[in-house]
Every structure is written in structure tokens, then in C-alpha cells.
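What follows is one structure encoded as C-alpha cells, with my remarks underneath.
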Amino acid sequence: MTKSLLIALSIFLAASCTAQGVTDTLKTDTAYHVQMNTIKVTAKWRSEADRYHYNQMKFHVTTILPYLNAATKLFIDINAQANEPGISKKERRKYLYDKEEEMRTQFEDKIKDLNVTQGVLLVKLIARQTNYNIYNMLTKFKNPMLAMKWQLWARLNGLNLNKAYDPSSEPDLENIMLELGYPLPDSYAENQ
């Protein structure tokens, strides 16, 4: 009898209790949105070899940064000139030749001193910064035969100049570029 009385009393009390209504919640609750600064979470290296390779890549990237900046600036200038309406093919070709000679006199000896790894990184980073692969640049600004020649050379050496840069396939390179103050260009956000 007491058990049934306690059960009935608890059911009665539970039924009489009311929760906060939905309409009250919508009127009085506030949701705050705060934009936090981006932080970088790093973990310990899996091995000393991983740490060594990362630091080696960072050294190579810092070595080629002046050439990357010059190549990116040159591409922007040439692309703007090539897309300018009212300019003849002859004027475009002369402008391209002049810019090429300027870059050749300024950087040719230094570029020749780069090792293969630095050259590969330079090609990847130019594609990253311009969102335009090297093969297409050569085809557009020089000629398709020259592009095919360099693509053949690259394929024989294990590279592909016609490959678009994929940030997700190069996480170490992306981390290094972010550390050095080169965020991923906005054109990659538009493509995704």
C-alpha cells in the first residue's frame, strides 16, 4: 500500500512539474558568436628523420623565396599585359621577350646553382602562388613545342609540369609556407 501510494505521489508530482517553455527560451536565451584567433597545434615529431626532412624542406623553401617572389610578380605582370585589350601580338611578344631577358640577366646564374630538390619546390610553389601550372604557362606565353620539350624532360626526371598544385597533398610544404607568411591564395578557396 505504501509503495503504491509513493508511486502515485511521484507520478502526480512529476506531472505537475513544468519545464521552461520553448517560447520562453527563444525570447530570453542569447547565443554569442566569437571569432577566435587561429592557432597552430603541433605535435612531437614521430622520428628524428621526419624532423630532419621538415627542416631540410624549410631551408630549401627559404632559399628559393626570392625567385618565387620574382616569378610570381612576373607572371602577374605578363598576364595583365597579355589580357590587355588593344595590344598587338607583336607588342605582347616584345614585352614578353624584354621581361624574359630582364629575368635571365638577374637570376639565370643563381637559378642554375639550385639543386634538383630546390628546382622541384620552385616549380610547385610557382604553381601554388599563381594557381597555374608551368606547362600551361609555357604553352600560353611561349609555344606548345617548348612546353612539350620541358614536360618530356620533367617526366624523365619524375616530375609532371602539367599537374595542378594540390594543397592537401603537400601538408609539410603548406605548413612551411604558412610559417613564412605565405597563406594559400584566395583562388584555391574559389575552386573548392
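Each reported figure results from applying straightforward, stated rules to the coordinates on display, with no laboratory input. Quick caveat: nothing in here was measured; it's all calculated off a predicted structure. Reconstructed Cβ throughout: ideal geometry from the backbone, glycine too, with neighbour counts over all protein chains shown.
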*Tell me, what HN-Hα J-couplings in whole Hz come from the Karplus equation 6.51 cos²θ - 1.76 cosθ + 1.60 at θ = phi - 60° for each residue of region 141-151, using x for Gly and Pro?*
9, 10, 7, x, 5, 5, 4, 5, 4, 6, 5
*For labels at ASP77 and THR117 in the simple 7 Å Cα→Cβ model, what's the distance in nm?*
3.2
*Using a simple spin-label model with points 7 Å from Cα along the Cα→Cβ vector, what separation in nm is obtained for TYR32 and ALA49?*
4.9
*If you wrap region 107-192's Cα atoms in a convex hull and average its projection over all directions, what's the area in nm²?*
6.5
*Can you figure out the FRET efficiency of VAL41 with SER168, using R₀ = 22 Å and their beta-carbon distance, to the nearest 0.05?*
0.80
*For region 48-191, what relative contact order do you get, as a whole percent, if you take Cα pairs closer than 8 Å and at least 6 residues apart?*
25
*Tell me, what does the Kirkwood hydrodynamic radius of region 48-191 come to in angstroms if you use every pair of distinct C-alpha atoms?*
16.5
